[in-house]
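Down below is the structure, laid out as structure tokens.
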Amino acid sequence: MIQLNNIVKRFNIATPDETTLFDGFNFQVESGEFVSIIGSNGSGKTTMLNLICGSLRQESGEILIDGRDITHLPEYRRSAFIGRVFQDPKMGTCSSLTILENMALADNKNKRYGLGRCVSKKRTDYYKSLLAECDMGLESKLGVQVGNLSGGQRQALALVIANMADIKLLILDEHTAALDPKSSEKIMEITDRFVRERGITTLMVTHNLRFAIEYGSRIVMMHEGKVVLDLKDQEKKNAKVDDLLKIFNSISIEAGNSL
Amino acid sequence: MEFISSIEVFLENGFMYAVMALGYFVTYSILDFPDLTVEGTVLTGGVVFALMIGAGINPWVAMLAAFICGALAGCVTGVLHVKLKIRPLLCGILVSTALITVNLIVTVVGQGGSFTGEGALTTVSIGRNAPTLYRIFPFNLLPASVLNMNIRKLLAFVVVCLIVKILLDLYLKTKNGMLLYATGNNEQFTSMLGQNPGRSKIIGLAIGNGLAAVTGALMAQSRGNANQSMGIGMIVIGIASVIIGTSVFKNVRCLKPTTKVILGAIIYQACLSVVTLLGVPTAYNKLIMAVLFTIALIVSRQMEIKGRRGAE
């Protein structure tokens, strides 16, 4: 499904601070996998997602999705088959428009944004049914400006919107990190339901080791631009938070940090 | 008498500048793009319009042509920003500076001068027989003056302003129009919808500058000519109208934002008229404009803070 081949990514090129994050990085994801990516700050988790989505460009190497080379496709063109939810709930929606208008815009994804009326009354029942699945009371707030919603509600809406179009890949970039524990639990449940129902290939970056263990079909731990742990199937099922923490700490100590 | 004539002036100016303010609403409020190009495009619109009706062309056609020329200038600003990644303010400065030359050459060449910029007047006068909007059907059916006011001209401006408002309202409800809100608020969102946010910005800037050019066309009719200093101070008028309108009527939910902007433009012109009535010489106009705008900014911020406290 996803192939990252020989990726080289540097930051602050041609300055004294030049650093190489990825140097010949390879990574594959199979179709239908739900991968949780963990790792310390600066390990390259989010950079990898940004490279896949096209928000950042690699210095060399290629990215393939379903065998198609998307290396030179701009971000907005890749969005045709990628749904994305960010850490910041503000990023996934438009705060100056209402829930209804946000959904109507998203409903038109991958079609032409011409001079037809954006909001169609006929579709509101469909929107309500999608929102009702989140069980956050959003279905009765269609006319409310998104800027007035709570972070959890906005993130739920962003998740619904990201899944509205026919996407091949769902990218979740620490999408529960900015929420309170209860909301983040809730968003994680909704995420899991969406992913299971549609069997969509998913990459989730998280700092919550419990989420990584409880949800998904594969755990990947990254460190300094390399994959240091990759658990699938039975190994993944047997993994425990403590085990992950131990590995995490040992890497940290190797890197010169003591706890 | 003086009182009635100042009512006429501020209403006429109000509706005239409201068209440009509606354009500013698109670029400044929706797209969050402080566009300085209008200083040039207002004059472009005025020159194109005055030259065309001077040649006997229908004023509606001439206004449409002015809109298109303004929109093209807006596209240039947009392309500089989107493709060459130049900052919004700089793009506006670059294009409006370039337009000074373009406008001058168009003015001179349009009146039989040469491309060196010599050999003709730098002002396009609208002759007594030129088909201005208020001299043609249906406005010519109105009485020439009521209460000493030239209501033909006033009504023509009102009609143009309302047509622009209605079209803009309709456009903003379309998918393409709604995308402008998304782009201005959160470019990432537009991008996630599979759309190029740059394209959306260019469209918004084209609309904003097209409308500024229509105001230029109205100004030329109001003054009877288009001269090279016409665009000066337009940015302040545009932004002030938008800010006054949206902050004074902030809590009036039944008014559409476009209506608020038009009211803002009229209020701003009314304030300027009051200042003139008080006996301040017209030479002080631009200074007064800037001062009034500053007051509007401070008041709108105070109201915002108060509103936030009220909400808590």
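Coordinate-derived values only; no laboratory data. Every value quoted in this text rests on a predicted model; they were computed, and no experiment measured them. Heads up, the Cβs are rebuilt from the backbone with ideal geometry, glycines too, and the neighbour counts pull from every protein chain shown.
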Looking at the protein assembly as shown, what % of its DSSP beta bridges pair antiparallel, to the nearest 5?
60
Count charges around B:Val236 for me, please; just the other residues with Cβ under 14 Å from its Cβ, Lys/Arg as +1, Asp/Glu as -1.
-1
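Using just the helices of the protein assembly as shown, give the 222 nm mean residue ellipticity in deg cm²/dmol: DSSP H runs with n ≥ 4 each add -39,500 (n - 2.57), and the total is spread over all residues, rounded to 500.
-17500 deg cm²/dmol
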Within a Cβ distance under 11 Å of A:Ser183, other residues only, what is the Lys/Arg minus Asp/Glu net charge?
0
Label-point separation, A:Ala177 to B:Asn58 (7 Å along Cα→Cβ), nm
6.1
Given charges of +1 on the Cβ of Lys and Arg and -1 on the Cβ of Asp and Glu, with all other atoms neutral, how large is the dipole of the stretch B:52-205 about its Cα centre, in debye to the nearest 20?
260
Looking at chain B, do any whole DSSP H helices span at least 24 angstrom along their long axis by alpha carbon and average 0.0 or above on Kyte-Doolittle, and which?
B:2-24, B:59-84, B:88-110, B:151-172, B:197-223, B:257-277, B:285-311
If you take the square roots of the eigenvalues of the alpha-carbon gyration tensor of chain B and sort them as a ≥ b ≥ c, do you get rounded (a/c under 1.5), prolate (a/b over b/c) or oblate?
oblate
Any idea what the relative contact order of the stretch A:2-254 is, in percent, if you count C-alpha pairs under 8 Å spaced at least 6 apart?
26
Taking beta carbons within 10 Å but only from partner chains, what does the mean come to for residues B:169-182?
5
Can you pull out the trypsin sites (Lys or Arg not before Pro) in the stretch B:214-309 whose DSSP state is coil and whose Cβ has at most 11 other Cβ atoms within 10 Å?
B:Arg253
Given the candidates A:Ser120, A:Pro16, A:Ile99, the one whose Cα lies deepest towards the positive end of the charge dipole of chain A, counting +1 at each Lys or Arg C-beta and -1 at each Asp or Glu C-beta, is A:Ser120
Options A:Met204, A:Asn249, B:Val164, ranked by Cα towards positive dipole end of the protein assembly as shown, top entry (Cβ charges):
B:Val164
Sequence-separation-based contact order of the stretch B:1-69, relative, with Cα cut under 8 Å and 6+ spacing, percent:
21
Tell me the relative contact order for the stretch B:2-228 as a rounded percent, counting alpha carbon contacts under 8 Å between residues six or more apart.
42
With +1 on the Cβ of every Lys and Arg and -1 on the Cβ of every Asp and Glu, the dipole magnitude of the protein assembly as shown about its Cα centre, in debye rounded to the nearest 20, is 1600
Nitroxide proxy distance, nm - points 7 Å out along Cα→Cβ at A:Gln3 and B:Val252
6.3
What shape does the stretch B:154-312 take by its C-alpha gyration tensor, where a ≥ b ≥ c are the square roots of the eigenvalues and a/c under 1.5 counts as rounded, a/b above b/c as prolate, and the rest as oblate?
oblate
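Where in the stretch A:96-183 are there trypsin sites (Lys or Arg not before Pro) that are in a DSSP coil and have at most 11 other Cβ atoms within 10 angstrom of their Cβ? Each step should come with its number before you reach the end.
Values: sites: A:Lys109, A:Lys111, A:Arg112, A:Arg117, A:Lys121, A:Lys122, A:Arg123, A:Lys128, A:Lys141, A:Arg154, A:Lys168, A:Lys182; in loops: A:Lys109, A:Lys111, A:Arg112, A:Lys141, A:Lys168.
When the trypsin sites (Lys or Arg not before Pro) of the stretch A:96-183 are filtered for loop state and at most 11 Cβ neighbours within 10 Å, A:Arg112 remain.
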For A:Asp166, project a label point 7 Å along Cα to C-beta. Then give me every residue of the stretch A:108-142 with its amide nitrogen under 15 Å of that point.
A:108-112
Dipole in debye (nearest 20) - the stretch B:171-312, about Cα centre, beta carbon charges: Lys, Arg +1; Asp, Glu -1:
300
